[in-house]
Structure formats: C-alpha cells, structure tokens
Amino acid sequence: MGISFRKHKDKKWEYRVKVKDPITKKYVERSKRGFETKPEARLAAQDVERNLLEGYEKLNIQLKDYLDFWLKEYKEGYVRKNTMLSLKNSVNNHIKPYFKNIYINEITPALYQKFLNKLYDNKLSKNTRLRIHNAFNEAMKRAVLNKKITFNPCEGAVIKGKNSNNDEIKFIEPSEVPMFLEHSYEYGYIYWIFFKLLLETGMRKGEAAALKWSDINFKNMTIEINKSLDFQAETDEELFGDTKNYNSKRVISMSKSIADDLRYHATWQNRNKKLLKNKYYYKYNLVLCRKDGNYMPKSSLFNAFRRILKQADMNLLPIHSLRHTHAVMLLEAGAEMKYIQERLGHGSITITSDIYSHISKKMDQKNTAQFEKYINNILNSK
C-alpha cells in the first residue's frame with residue numbers, strides 16, 4: 001500500500017496508488033498524470049486511495065459488465081424463469097443499447113432521467129418503463145452495497161406520463177360475475193372450478209394451477225399458496241417453481257362456498273381416478289387439472305377464458321383480471337387495504353394502494369353520494 005509521485009519532462013505531475021485487495025491478496029494499482037503541482041496530484045491520489053480502501057472500484061467498470069454480473073450473481077437461480085426473462089429483456093433490449101460503453105460511475109441522476117424520458121418518447125407503456133426502472137434501480141442499489149459507486153443515480157427519478165388504457169387494471173364488474181360463472185359452467189366444469197377459485201381467492205393463475213390437495217386444509221378452512229406452475233417448463237423438475245416473490249407465499253382463508261366446491265371436486269376427481277386407473281397422473285396430486293390429473297395447459301385456459309367471455313357477450317379481458325375482480329369485490333365488501341395486500345401476496349401495502357387507489361376513490365365518491373342522498377332525505381322529511 002502506498003502513494004508515489006513523479007514529475008515528467010513536461011513538468012506535469014503523476015500519482016501512482018497501490019492497494020492490496022484483502023480477499024485476492026493481489027495489488028490494485030491506479031495512476032494518473034497531468035497535474036500542475038504535486039499538492040494537486042496528492043489530493044487526487046488520496047481520494048483514489050480512500051475509494052480503493054473502501055472498496056470503490058470505479059475506474060474500469062462498464063455498466064454493461066456490471067449488469068451482467070448482477071444478473072448472474074444476484075438473480076440467476078433466485079428468481080422465477082419468467083422474472084429472469086423480464087429482467088434480461090430490460091437490460092439487453094433497453095438499458096445496454098442506450099448507455100452502450102458508459103462506465104458505471106459516469107451515470108448521473110440527470111443522465112438517468114434523460115434515459116427514462118427517452119423511453120417515454122419511444123412510446124413505451126408506463127408499466128414497461130416501470131419494469132425497466134425497477135430493474136435498473138435494483139442493480140444500482142446493489143452497486144452501492146458492493147461499493148462500486150457512492151450513490152444510486154436512480155433515486156428521485158420521475159416516471160413521466162399518465163397510465164395508458166393498457167396500463168389500467170381490468171376486471172369483471174362484480175354484478176357480471178354470476179353470468180360469467182354460469183357461462184363458464186356451460187363451457188366446461190374444469191374451467192368453471194378453476195376460474196371460480198381465482199375469483200374467490202385472488203390467486204395468480206400459476207399459483208392456482210400448482211395447488212396440491214395437501215395445500216387445502218378443510219379443518220382450518222385455509223389454502224396454502226407456496227409454489228407456482230411454470231407453464232413453459234420442459235421437464236417435471238422445472239414444472240413447480242417458487243411464487244412470484246417471498247410475500248407471495250401465504251396462507252389464505254377460504255369461504256364455505258369454495259370449500260364445498262372443493263369437496264365436491266375431490267369426489268369428482270376420485271371418480272376419474274377409478275375410471276382411468278394407472279393412466280391418471282397421480283404424481284402431481286393437483287387440485288385444478290384435466291380429467292386425467294395432468295396440469296392445465298396455458299393455451300387451454302386462455303382459449304377457454306376468451307370463448308366464455310365471448311359467449312357471455314362481455315369485453316375481452318386477460319385471465320389476470322379475475323385476480324383484480326377479487327380485489328374489487330373485497331373493496332366493495334369494505335375490506336381494508338392491508339387485508340387485501342396480505343391476501344393477494346403483494347410485497348407492500350404501497351403496491352396494493354397504487355394498483356387499486358382509483359377504484360377505492362370511486363367507491364369513496366359513491367359512498368359519499370349515497371350518504372348525501374340519505375342525509376338529505378332525513379333533513380327534507382320534516
């Protein structure tokens with residue numbers, strides 16, 4: 001460890017800083033020339049030495065290299081396959097092409113804001129821009145913890161623009177739920193029970209598709225959600241993965257209605273098992289499955305959902321809208337946002353509030369109008 005100085009023929013000063021890495025035991029060396037005076041070179045050298053001692057390797061790390069490191073060391077094997085694909089898309093298709101060969105310490109808050117504004121100018125949806133921002137922000141937080149940079153340039157950034165129509169949550173109006181379920185039953189029992197469970201629990205389709213009978217507790221009237229089915233899995237080993245995030249693992253209560261439906265469903269499955277015998281997929285022990293016990297293909301669910309909505313003369317929606325419909329029904333029933341957050345498995349109440357705030361405001365306005373009408377009738381009755 002040490003600092004040395006040298007004056008060149010052009011009368012400019014150069015510093016050379018040498019620090020031993022405590023882990024690799026190898027020496028890290030940095031130098032720079034062109035200083036007018038030795039004190040000027042000493043100040044710069046001391047700053048570099050301090051950063052090296054504290055672990056800030058700022059000079060030779062390009063953003064693209066650090067992002068590859070972050071994905072491999074902190075994401076690969078720790079997040080679900082679809083989440084990993086989304087992160088790689090944000091990094092490889094948006095962040096890297098914009099910043100190219102920039103060094104990680106050269107990214108300023110102003111430069112990062114220009115990047116976000118460029119995404120807006122390219123007419124990317126707000127949800128897409130939020131995904132890109134969240135990926136970049138998480139990587140930079142890790143870079144600060146790893147002492148590669150001294151501050152996170154993403155802090156305080158503004159995501160420009162309002163939500164587009166595509167970003168707004170879509171759901172079935174609660175008054176139309178009975179009609180939807182009626183058409184679902186007419187289309188096919190296995191789709192009816194699948195969609196009804198989504199409506200009554202707010203589970204994600206992958207969580208519901210992965211449910212095993214061991215996750216159903218009729219005594220305590222609860223459902224344990226602890227995994228998610230990967231519809232794109234190529235092997236049985238890849239079929240059942242983790243839930244979307246840590247908070248997605250949860251135990252939720254089930255109503256008497258859905259418990260009765262599941263008891264009947266178990267009887268229905270047992271009849272299929274007796275008929276199919278060794279042709280039944282006993283190994284999965286799935287609650288929601290095809291008649292032979294095999295898991296429900298994503299394409300079958302999507303096609304069924306679309307056709308049911310069409311038959312019911314309802315607007316076309318994604319299956320995920322059933323999760324939103326559950327939340328809306330909870331809000332209409334007067335459930336608190338904290339309860340909805342825990343039931344849906346959101347990471348924080350902020351996420352839940354952000355998603356459903358405008359619906360909650362509409363309900364507040366509706367309730368205020370109803371109260372105003374009620375109080376006016378009382379006051380004007382004399």
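The values are calculated or read from the model by the stated rules, or taken from the named source; none is laboratory data. Since we're looking at a predicted model, the values are computed, not measured. Neighbour counts are summed over all protein chains in view; Cβ atoms, including those assigned to glycine, are modelled from backbone coordinates with ideal geometry.
When residue 332 is tested against the conditions (1) loosely packed, with under 14 Cβ neighbours inside 10 Å; (2) under 28 Å from residue 234 (Cα atoms); (3) in contact (Cβ under 8 Å) with a residue 12 or more places away in the chain, the lone failure is (2).
Of the residues making up the range 264-286, just one is out of contact with any Lys or Arg (no Cβ under 8 Å at 6 or more places or on another chain) and at positive phi, namely 277. For the range 216-256, taking the residues that are farther than 17 Å from residue 206 by Cβ and among the charged types (D, E, K, R), the one that is farthest from the chain's Cα centre (by Cα) is identified as 219. Taking (1) among the hydroxyl-bearing types (Ser, Thr, Tyr); (2) more than 15 Å from residue 152 (Cα to Cα); (3) surrounded by 14 or more Cβ atoms within 10 Å (Cβ to Cβ) in turn, residue 78 satisfies each apart from (3).
Among the residues in the range 242-254, are any part of a loop (DSSP other than H, G, I, E, B), among the hydrophobic types (A, V, I, L, M, F, W, C) and at negative phi? Checked against the condition, which is being part of a loop (DSSP other than H, G, I, E, B), among the hydrophobic types (A, V, I, L, M, F, W, C) and at negative phi, the range 242-254 yields at least one hit.
The condition of being among the basic types (Lys, Arg), more than 19 Å from residue 298 (Cβ to Cβ), free of Cβ contacts under 8 Å to residues at least 40 places away in the same chain and not in a helix (DSSP H, G or I) holds for only one of 277, 219, that being 219. The single condition among (1) surrounded by fewer than 14 Cβ atoms within 10 Å (Cβ to Cβ); (2) at pLDDT below 90; (3) closer than 30 Å to residue 358 by Cα that residue 150 does not meet is (3).
Comparison of 290, 271, 263 shows that the only residue that is in a helix (DSSP H, G or I), in the same structural domain as residue 237 (by TED's automatic domain parsing) and over 19 Å from residue 201 (Cβ atoms) is 271.
Apart from one condition, residue 102 fits all of (1) surrounded by fewer than 19 Cβ atoms within 10 Å (Cβ to Cβ); (2) β-branched (Val, Ile, Thr); (3) out of contact with any Lys or Arg (no Cβ under 9 Å at 6 or more places or on another chain); the exception is (3).
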